[in-house]
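> I have a structure here, written as structure tokens, and I will follow up with some questions on it.
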Amino acid sequence: MAEAAASPSRAAQNLAESQDLDARISEETDALREKIALKNKEIESKTNDLNKLVSENRDLQHKLDLITNPATKYSLIVDQGGGSFSAYLFAEVEGDGQRTVQMEKYKSVKLNELTDAALNASTKEALGIDMHAPDGTLNDYSFADPKHYEVITQWFAAFYKNLEAKVRESYGELANRTVRQTGKIRAVLMRPENSANRKVWYDSFNAALGPEWNYKLLTNEDEARIEGEAFYYFNSEFFSTLDPPFEVNNYVGLGIGSSSTQCYIRDADGNIVVGYDSTAGAKATKAQAEAGKSGDWVPVEHFTNVFTAVLKPVMAVDNAKKVIVATNAIGFLCAEITHPTKHPDWPAKEAFRENVSKGLPVEAKLYRDQLQSFVDACDPCWAGNFLLGFLNACCSFEDTAKVMLEQKAHHGRGLPVETSWVMYLAQTAGGVGST
């Protein structure tokens with residue numbers, strides 16, 4: 001009887017031991033699976049790093065082949081914006097079947113020592129201000145009287161030619177030199193009533209540069225169209241990796257420069273639909289800045305109306321939910337309002353800084369509410385009014401889902417989004433001289 005009574009107890013103990021073993025096996029199995037998953041991620045990461053190194057090595061070899069080939073031709077392309085310029089050095093051997101290669105990229109804000117000292121003084125005397133602001137960008141000179149166009153264009157020409165001399169030291173002679181200009185001066189000169197002044201500007205610039213250079217103002221529409229083509233050509237793969245997923249064509253590009261804005265989307269047929277404003281830049285004009293110092297900053301409502309008009313033709317393409325990707329100089333405004341000393345703390349400061357620094361799409365209404373927090377808590381300023389007006393415009397469209405904001409300064413190294421029309425033309429059939 002005692003043995004019979006003990007039997008159920010032994011069975012229960014055996015069951016408990018079996019369950020405990022199963023639990024330990026399950027726990028160990030889960031731990032091993034987690035380790036395997038981590039190793040797979042490590043393998044994937046290192047494989048990607050290796051593939052990147054292989055690609056970089058291949059590109060370096062191609063550059064070496066070009067530099068050592070006497071048939072290589074070099075082209076310098078200057079993309080002159082309102083606040084700065086980027087210059088690109090390309091190399092190619094005609095007829096070899098290889099793509100055009102970017103050898104160098106030069107940023108004017110890092111090359112101010114290449115300006116001409118005498119012309120720095122002459123332009124300051126003519127305009128009453130230095131051509132360069134303390135941060136290295138260009139001051140607004142679009143207000144200048146046409147009688148000063150000669151000295152202004154001479155200043156630019158000297159800057160470009162000194163850069164050319166720097167390039168020749170490393171690469172030898174150039175086959176082509178091209179300048180395409182946008183910015184506030186373009187907006188002024190492209191007005192119908194300013195056709196005579198536009199001729200003075202062209203004549204002055206061409207005389208300063210000489211016949212070896214190809215100079216032209218790039219219209220807003222052309223700039224928007226080519227930027228749009230570049231936006232999808234370079235970034236489609238990146239957009240496809242973002243989570244949650246949106247169709248690539250539902251990413252809207254918004255290039256907000258220091259002087260103007262270009263907006264673009266690709267429709268179902270592959271056509272680029274654009275919107276633009278030649279004066280909607282992230283940097284205040286001289287008059288706007290002076291008015292702001294007197295307490296009369298451009299109001300939020302102005303920026304809301306401007307960006308609503310820019311976005312309208314693009315957002316009307318279809319009814320799909322969209323991500324608006326705001327690139328370029330708008331990033332400086334985002335960095336300004338989270339700067340540790342430029343503005344007092346405000347309720348959503350750290351949350352906004354963190355969102356921008358992540359470089360990912362964020363709910364448009366969340367960004368709007370954070371920027372409203374800044375405007376409510378801080379004194380009026382250009383950056384706050386501009387940013388809130390822009391987000392108000394984004395949120396005015398029912399199809400706006402999320403927004404990505406450019407990274408500048410302490411927010412990061414910049415969104416991994418390429419919109420350079422120069423790069424696009426260099427790598428497609430159009431070629432660098434086709435615009």
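> Which number in (1) outside any strand (DSSP E or B); (2) surrounded by fewer than 24 Cβ atoms within 10 Å (Cβ to Cβ); (3) touching a helix residue (DSSP H, G or I) at 6+ places or on another chain (Cβ under 8 Å); (4) not charged (D, E, K, R) marks the one condition that Pro245 misses?
Only one criterion is unmet by Pro245, namely (3).
> Do we have Gly95 as assigned to a loop (DSSP other than H, G, I, E, B), open to solvent by less than 60 Å² (accessible area, probe 1.4 Å) and at positive phi here?
no
> Given the criterion closer than 19 Å to Val422 by Cβ, out of contact with any strand residue (DSSP E or B) (no Cβ under 6 Å at 6 or more places or on another chain) and either small (Gly, Ala, Ser) or surrounded by fewer than 14 Cβ atoms within 10 Å (Cβ to Cβ) (or both), identify the matching residue among Lys105, Lys110.
The match here is Lys110.
> Go over the candidates Asp376, Asp345 one by one and state the one that is open to solvent by 70 Å² or more (accessible area, probe 1.4 Å), out of contact with any Lys or Arg (no Cβ under 9 Å at 6 or more places or on another chain), in a loop (DSSP other than H, G, I, E, B) and charged (D, E, K, R).
The conditions single out Asp345.
> Restricting the search to the range 379-399, which residues are open to solvent by 20 Å² or more (accessible area, probe 1.4 Å) and in contact with a strand residue (DSSP E or B) (Cβ under 7 Å, 6 or more places away or on another chain)?
The answer is Asp399, and nothing else.
> Answer yes or no as to whether Lys312 is open to solvent by less than 80 Å² (accessible area, probe 1.4 Å) and within 23 Å of the chain's Cα centre (by Cα).
In short, no.
> For the range 292-301, how many residues meet the condition of being farther than 20 Å from Phe332 by Cβ and either open to solvent by 70 Å² or more (accessible area, probe 1.4 Å) or part of a helix (DSSP H, G or I) (or both)?
3
> Looking at (1) under 30 Å from Ala224 (Cβ atoms); (2) assigned to a helix (DSSP H, G or I), which is the only condition Val78 fails?
Here Val78 meets the rest and fails (2).
> In addition: Here are some conditions: (1) touching a residue at least 60 places away in the same chain (Cβ under 8 Å); (2) out of contact with any strand residue (DSSP E or B) (no Cβ under 8 Å at 6 or more places or on another chain). Val54 meets all but one. Which one does it not meet?
With respect to (1) touching a residue at least 60 places away in the same chain (Cβ under 8 Å); (2) out of contact with any strand residue (DSSP E or B) (no Cβ under 8 Å at 6 or more places or on another chain), Val54 is out only on (1).
> Could you figure out which of (1) more than 28 Å from the chain's Cα centre (by Cα); (2) open to solvent by 70 Å² or more (accessible area, probe 1.4 Å); (3) more than 21 Å from Val200 (Cβ to Cβ) isn't true of Lys147?
Only one criterion in (1) more than 28 Å from the chain's Cα centre (by Cα); (2) open to solvent by 70 Å² or more (accessible area, probe 1.4 Å); (3) more than 21 Å from Val200 (Cβ to Cβ) is unmet by Lys147, namely (3).
The values are calculated or read from the model by the stated rules, or taken from the named source; none is laboratory data. Since we're looking at a predicted model, the values are computed, not measured. Cβ coordinates were reconstructed from backbone atoms using ideal geometry, including for glycine residues, and neighbour counts include every protein chain displayed. Heads up: the accessible areas ignore ligands, DNA and RNA and are worked out on the full protein's heavy atoms, side chains in. Shrake-Rupley method; radii C 1.70, N 1.55, O 1.52, S 1.80 Å.
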